[in-house]
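Novice: Mind looking over this structure? Questions follow.
The values are calculated or read from the model by the stated rules, or taken from the named source; none is laboratory data. Keep in mind it's a predicted model, so treat the numbers as computed, not measured. Here the Cβ positions follow ideal geometry from the backbone for every residue, glycine too, while neighbour counts run over all protein chains shown.
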Amino acid sequence: MDDSYKWGVVLIACMAIFIIVLDSSAMNVAISTLVVELNTTVSIIQGIIAIYALIIASFMLLGSKIQDILGRKKTFLMGLIIYACGTITATLSINAGMLLLGWAILEGVGAAMILPATTTIVGSSYKGKDRVTAFGIWGGIAAVGAAVGPIVGGIFTTYLSWRLVFGSELVFVAGILIFRHYLTESEPTLKWKDLDIVGVFLSVISLILIVLGILFLTRPEYWRYVAVLVGSGSILFILFLWWQKRRINNGLEPLSDITLLKNRLFGLGTLNNVIQQIPLAGFLFIIPVFLQQVTKLNAFDTGLTLLPASMVILICSLLGAKLSSRIDSKYVLMIGFLIAAIGTFILSGVFNVNTHMQDLIPGTVVFGVGIGFLLSQLTNLTMAAAGKDQETDASGLLNCFKNLGYSMGTALIGVLLLLSVFGGLTAGIESTGLVDNTTKDEIHDGLFNYMEKMQTGTPQIPPQLVPYAPRIIDSTISSAMRQTFTVLSLILLLGFFTSLFIPSRKNPT
């Protein structure tokens, strides 16, 4: 690699990862606008965000394996074209179904081809301290895409159009195509006949069923399907693991080398990636819901509230990469989990009907410090466990589980918030003392649907209760936010605990 273009590969990798993670965080602040313009609900938008990450996770192992058939560069560029088609479709969306097709499905499939190729391209292009720095920058830009997204989405949604969030990504696509000569092609090592079709089917269907089962928790009328979906998905995933082991034992090419999961460093690194993604995804989804429902902020002010956290995440991602050259990466992770947990604990105490945007900033900044440290270490530390011949499989597994964690985070935390709201509305209704002939269940459902529509339109409840609707909903959401952030703190403390068992290995390269 020409020294004058030393960071050319990182430049391309950063542009790619930026647009992939930008969507979810940027569109989170546009929830109210999407609900109104596409005539949909909060749960459906939550589902689309979760399905975007789910599609990436479900097709990640296939996207990773295609590198061995087509080569890394060709796979990367093919994924980029599919992603661009999805971006165009999402930009032109006229309803939630079209947004689902463009954003969640087409962009998801494209990202599933781009991400593992990006990881292996960066990993194979740098050595030693440059490799640590490269992954630190890559992780930092991923964090910025997730955290700066709200201010970008806020500006576009409030002053222009949410559609430009997607449309602007085509500029980055063009930039990547212009600088594609920095990328080097790898020699294909497999042919299409070597592809494990059964493994593809089992992995894709199992993950989709599990996350859909979690998403179905948002509506009580679907609860009877949850156990069936999650249970069947779990069984299929166990069958997938068995099938991969069988192919390996028979000397056949597996979809993914699952023996990597037996490696203590790789297994725990992957687990910690999942644990870190769950609260990050939940944070980016439910904070905008609170700000727009309770404090009545517009998309721009919502993004502005999250801006300090985004800056801190970027700074701490870069600092964390330098810090790992002085102390063991394991301890940087432990510090990151602990600080992020403190941030969510601080946030759990600030939510009420009188909360202002500035009240959230201290907690979001502390949370951002912890997340920045985590993102600076996790990818490099986990990939360090893989040998040269395992890099493709390692990147596929890592990115699969990371995006599964993000999808589950959006689904689980969103579901937890909605269930807390669903349960809390009853107390709010009773507190008015105005319930007469109309049943509590009908009033409850009317208020819940009103909340799902981001309190737009008129709630379908008795006229005498309409003036009380905003107060009941705002109070209920505030209480639910406190409970949800307490759960986020516990999840991050779990990450701190699991990182204790990571093998000590200073600055893995």
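Novice: Does Gly97 count as of a type outside the set (A, V, I, L, M, F, W, C), modelled with pLDDT of 90 or more and in a helix (DSSP H, G or I)? Write out each step before concluding.
Specialist: Values: of a type outside the set (A, V, I, L, M, F, W, C): yes; modelled with pLDDT of 90 or more: yes; in a helix (DSSP H, G or I): yes.
Here the answer is yes, as Gly97 does meet what is asked.
Novice: Right, next: Within the range 67-101, can you find the residues that are surrounded by 20 or more Cβ atoms within 10 Å (Cβ to Cβ), of a type in the set (Val, Ile, Thr) and touching a residue at least 60 places away in the same chain (Cβ under 8 Å)?
Specialist: Answer for the range 67-101, where residues must be surrounded by 20 or more Cβ atoms within 10 Å (Cβ to Cβ), of a type in the set (Val, Ile, Thr) and touching a residue at least 60 places away in the same chain (Cβ under 8 Å): Thr87, Thr91.
Novice: Does at least one position in the range 15-31 carry a residue that is out of contact with any Pro (no Cβ under 8 Å at 6 or more places or on another chain), surrounded by fewer than 24 Cβ atoms within 10 Å (Cβ to Cβ), at pLDDT 80 or above and not in a helix (DSSP H, G or I)?
Specialist: No; the residues of the range 15-31 include none that is out of contact with any Pro (no Cβ under 8 Å at 6 or more places or on another chain), surrounded by fewer than 24 Cβ atoms within 10 Å (Cβ to Cβ), at pLDDT 80 or above and not in a helix (DSSP H, G or I).
Novice: Of Leu255, Leu297, Leu284, which residue is assigned to a helix (DSSP H, G or I) and out of contact with any strand residue (DSSP E or B) (no Cβ under 9 Å at 6 or more places or on another chain)?
Specialist: Details: Leu255 fails: assigned to a helix (DSSP H, G or I); Leu297 fails: assigned to a helix (DSSP H, G or I).
The unique qualifying residue is Leu284.
Novice: Kindly indicate which of Ile315, Ile339, Ile327 is out of contact with any Pro (no Cβ under 6 Å at 6 or more places or on another chain) and surrounded by 18 or more Cβ atoms within 10 Å (Cβ to Cβ).
Specialist: Numbers: Ile315 fails: surrounded by 18 or more Cβ atoms within 10 Å (Cβ to Cβ); Ile327 fails: surrounded by 18 or more Cβ atoms within 10 Å (Cβ to Cβ).
Answer to the selection: Ile339.
Novice: Kindly indicate whether Gly145 is within 18 Å of Tyr52 (Cα to Cα), at pLDDT below 85 and of a type outside the set (Phe, Trp, Tyr). Spell out the reasoning first.
Specialist: On the way: within 18 Å of Tyr52 (Cα to Cα): yes; at pLDDT below 85: yes; of a type outside the set (Phe, Trp, Tyr): yes.
Answer is yes for this residue.
Novice: Additional query: Going through Leu106, Leu99 one at a time, which residue ends up being touching a Cys at 6+ places or on another chain (Cβ under 8 Å) and more than 24 Å from Val10 (Cβ to Cβ)?
Specialist: Details: Leu99 fails: touching a Cys at 6+ places or on another chain (Cβ under 8 Å).
Result: Leu106 is the single residue among Leu106, Leu99 that is touching a Cys at 6+ places or on another chain (Cβ under 8 Å) and more than 24 Å from Val10 (Cβ to Cβ).
Novice: Sticking with this structure for a sec: Answer yes if at least one residue in the range 316-324 is assigned to a helix (DSSP H, G or I), modelled with pLDDT of 80 or more and of a type outside the set (Val, Ile, Thr), and no otherwise. Working first, answer last.
Specialist: Kept after step one, since they are assigned to a helix (DSSP H, G or I), are these residues of the range 316-324: 316-323.
Filter once more, so that each one left must be modelled with pLDDT of 80 or more: 316, 319.
Within this subset, residues satisfying the condition of being of a type outside the set (Val, Ile, Thr) are 316, 319.
There is at least one residue in the range 316-324 that is assigned to a helix (DSSP H, G or I), modelled with pLDDT of 80 or more and of a type outside the set (Val, Ile, Thr).
Novice: For the range 327-363, which positions are free of Cβ contacts under 8 Å to residues at least 24 places away in the same chain and either of a type in the set (A, V, I, L, M, F, W, C) or not in a helix (DSSP H, G or I) (or both)?
Specialist: Correct list: Ile346, Val350, Asn354.
Novice: Follow-up. Specify which of the listed residues (Ser43, Ser58, Ser64) is over 14 Å from Met113 (Cβ atoms) and of a type in the set (Ser, Thr, Tyr).
Specialist: Answer to the check: Ser43.
Novice: Here is a follow-up. If you take the residues in the range 133-184 that are in contact (Cβ under 8 Å) with a residue 40 or more places away in the chain and hydroxyl-bearing (Ser, Thr, Tyr), which one is surrounded by the fewest Cβ atoms within 10 Å (Cβ to Cβ)?
Specialist: The extreme case among them is Tyr159.
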